[in-house]
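Please read the structure below before turning to the comments.
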Amino acid sequence: MPFSVELFFDPKSSLAVRQCAEALEKVKVPSIFSTLGAAPHVSLAVFEQYNPDRLHALLKKLASSFPSTNFQLASLGTFPGREGVFFLAPIVTSSILEVHSKLHRAIPGVVEGSWVYYLPGQWVPHCTLSIQLTASQLAHGFELLRRRGFSIRGRYHRLALVETQPGRIKPVRQIYSMPLSGKKENP
C-alpha cells in the first residue's frame, strides 16, 4: 500500500480544481476526487513504507521551514503508457523544486520503496484529475478543459502524508497534515 507526501492547495484553488473535475464528470470522465476520495494536491514523494516517528518529525520540520507559496496550474497533461492519467500541471518554480529537493535529501533511511517517478531528476509536478481513462476519455477531457479554459492560481497551503489502500470504497486516507508555516519570502 503506497504512501505519499503531498502539497495541498488553499481552499479557493482546491475548489477551482474540483470544479474542473465536476465538469469532466458531467461528460463521463471520472475524477480521483469522487472515485478515490483524494484532495487536490501535488505529490512530492511516493513510497511503500516509512518510519512513522522519523517521517512525522521530518515533515513537521519541512513544513515549518517553507512558507505558503503561490502557484499557478497552467497546462493540461498526461503520461505515456496505459495508466490513462489526466492532470493539470503547475508552472515549475524554484520554491517547489526546493521543497521537493529538501524532502528527498532527508528521506533516505526514513522511507523504503520510493517510486522512481517522484525522485529528483525524474519528477514531473502535476495535480492529477483522473486515472485509468481510456484514450477517448482522455481526448474528451482535454477538449473539454481546453475549450472551457482554466488558469488556477492559489497557494500551496499544507504538507500532508496520505495513504492509498486499493480495495476500499474511498481508498485515499489522509494520515496527517500540517500548515506550511515558514517565514514569508522577500518580494
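General remarks:
- Residue check for G167: at pLDDT below 90, small (G, A, S) and touching a helix residue (DSSP H, G or I) at 6+ places or on another chain (Cβ under 7 Å): no
- Selection within the range 42-101 - of a type in the set (S, T, N, Q), touching a strand residue (DSSP E or B) at 6+ places or on another chain (Cβ under 6 Å) and assigned to a helix (DSSP H, G or I): S64, S95
- Some residue of the range 109-119 being exposed (fewer than 15 other Cβ atoms within 10 Å of the Cβ), of a type in the set (D, E) and outside any strand (DSSP E or B): no
- Set side by side, the residues S151, S95 differ, and just one is in contact (Cβ under 8 Å) with a residue 24 or more places away in the chain, exposed (fewer than 14 other Cβ atoms within 10 Å of the Cβ), out of contact with any Cys (no Cβ under 8 Å at 6 or more places or on another chain) and under 21 Å from S14 (Cα atoms), which is S151.
- The set of residues in the range 9-31 that are farther than 21 Å from R148 by Cβ and either of a type in the set (D, E, K, R) or buried (at least 22 other Cβ atoms within 10 Å of the Cβ) (or both) contains only D10.
- Contact map, the range 114-132: residues that are farther than 13 Å from L76 by Cβ and free of Cβ contacts under 8 Å to residues at least 60 places away in the same chain paired with residues that are assigned to a helix (DSSP H, G or I) and among the hydroxyl-bearing types (S, T, Y), Cβ distance under 6 Å, separation 6+ or inter-chain. Pairs shown: P120/S101.
- The set of residues in the range 123-143 being of a type in the set (S, T, Y) and out of contact with any Ser or Thr (no Cβ under 9 Å at 6 or more places or on another chain) consists of T134, S136.
The values are calculated or read from the model by the stated rules, or taken from the named source; none is laboratory data. Everything numeric here is computed off the predicted structure, so don't read it as measured data. Every residue, glycine among them, receives a Cβ derived from its backbone with ideal geometry; neighbour counts consider all protein chains shown.
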